[in-house]
Amino acid sequence: MISNEVRTQCAKCGTWVEIGDASMVGPHGDRQPYCPDCRPTPPDRAEHDGWHRRPLASLDFETTGVDPREDRVVSYGLLGDQGGELVGFINPGIPIPALASDVHGISDAMVHDAQPAADGIAIVVDWVQSVIDRGVGLVVFNAPYDLTMLRAEAERWGVHQPDWDRLLVVDPFVIDWGIERGRLGQRKLTNVCDYYGVAIDNAHDATCDARAARDVAYEMGMRHADIGTGTLAGLAQRQREWYALRVADWNAYATDSDRQPEDPHGWPMGRV
Ligand SMILES: [Zn+2]
């Protein structure tokens, strides 16, 4: 969570909190400081059955930038539901901008001798297809980014597309929005991990991010009975609805501030 930059009083109990010790909670423009004792916490784990009690796969990419249609995958972390991992670098065929290298630490030199994009993307697509064929849920934090990029990359390199319609996506970013409705403020992977007590030792490493996102998904299922109970197909439908609501929120703001509106039907991936 974001912490306080000045000494301040807890919004709930009034205790004075030193710089860095309070959590700033709330939507952008209306963040309130909470002391460690008063900061919001998720409900306790409960015993209900649900999708969170079955093994899930998880996927994450590091990339050349923020545009899923134009940017490229430079590394993938694929965690199998049976414990196996597929990890690799891809030579994206274009230079990696310094801005992206600064985030994930992957440079042109590191991918110079890596597999060509067509080969790497084919490996990822085959792996996704195997997840689909076994009916296993796939965790992707902010799926419209990674999956739109995978679809665009497959098209770019002439790799066949997986059966997207049968893919069961669990997107902790969208589920978090469904639960909290933006009330808790910034909710990147590190923020949500912090909230659910999930360790993330090396943020912006594809494998570490994929593992943390999956752990967060399990915590969400265990701690929110109304989220965990039910099928993955039912959860997918709810995620589509939450995403559409979140985009409607964003688009209202985007129209007022001259920003690009998003597609409310763009979950779990957008058109290429
Ligand atoms: Zn307090």
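A short reminder: the numbers here are calculations on the coordinates, not readings from a lab. What you are looking at is a predicted structure, and each value in this text was computed from that prediction instead of being measured. Glycine gets a Cβ as well: all are built from the backbone with ideal geometry, and neighbour counts include every protein chain shown.
Contour minus end-to-end for Arg54 and Val66, with contour as 0.36 nm per residue of separation and end-to-end as the Cα-Cα distance?
1.1 nm
Just the number, please: percent antiparallel of the DSSP beta bridges in the chain, rounded to the nearest 5.
70
Determine the dipole magnitude for the range 51-272: charges of +1 sit on the beta-carbon of Lys and Arg, -1 on that of Asp and Glu, nothing else is charged, the reference point is the Cα centre, and the result goes in debye to the nearest 20.
700
Taking each pair of distinct Cα atoms in the range 207-259 once, what is the resulting Kirkwood hydrodynamic radius in Å?
13.2
Which ordering of Cys13, Cys38 is given by a fewest-first count of other beta-carbon atoms within 10 Å? It would help to have the intermediate numbers written out before the result.
Numbers: Cys13 11, Cys38 19.
Ascending number of Cβ neighbours within 10 Å: Cys13, Cys38.
Which value, in nm² and rounded to one decimal, describes the direction-averaged projected area of the C-alpha convex hull of the range 51-272? Intermediate values should be presented prior to the final figure.
Values: hull surface 47.3 nm².
One quarter of the hull surface, i.e. the mean projection, equals 11.8 nm².
Looking at the P(r) of the range 84-124, how many percent of alpha-carbon pairs lie beyond 12 Å?
On the way: 485 of 820 pairs.
Considering the range 84-124, 59 percent of its Cα-Cα pairs are separated by more than 12 Å.
Tell me, what is the FRET efficiency for Asp194 and Asp119 to the nearest 0.05, using R0 = 35 angstrom and their Cβ-Cβ distance as r?
Step by step, r from the Cβ atoms, then E = 0.45.
Say R0 is 22 Å: what FRET efficiency, to the nearest 0.05, do Asn202 and Asp21 get from their beta-carbon distance?
Result of the calculation: an efficiency of 0.30.
Report, in order of residue number, the helices in the chain meeting two criteria: a C-alpha extent of 18 Å or more along the helix axis, and a mean Kyte-Doolittle hydropathy of at least 0.5; treat each whole DSSP H run as one helix.
117-133
Any idea which of Phe61, Gln82, Trp16 is furthest toward the positive side of the dipole for the range 1-88, if Lys and Arg beta-carbons carry +1 and Asp and Glu beta-carbons -1?
Positive-most Cα among the choices belongs to Trp16.
Taking 2.2 N^0.38 Å as the expected size of a compact globular protein, what ratio does the Cα radius of gyration of the range 1-59 give against it, to two decimals?
Details: Rg = 16.5 Å, N = 59, 2.2 N^0.38 = 10.4 Å.
Dividing the Cα Rg of the range 1-59 by 2.2 N^0.38 Å gives 1.60.
Grab every C-alpha pair in the range 1-131, bin the distances at 10 angstrom width from 0 up to the longest one, and report whole percents.
That works out to 11, 25, 18, 25, 18, 3, in percent per bin.
For the range 62-154, which trypsin sites (Lys or Arg not before Pro) are in a loop by DSSP, counting at most 15 other Cβ atoms within 10 Å? Kindly include the intermediate steps, with their values, before the conclusion.
Details: sites: Arg69, Arg72, Arg134, Arg151; in loops: Arg69, Arg72, Arg134.
Here the trypsin sites (Lys or Arg not before Pro) that fit, given the DSSP loop and packing criteria, are Arg69, Arg134.
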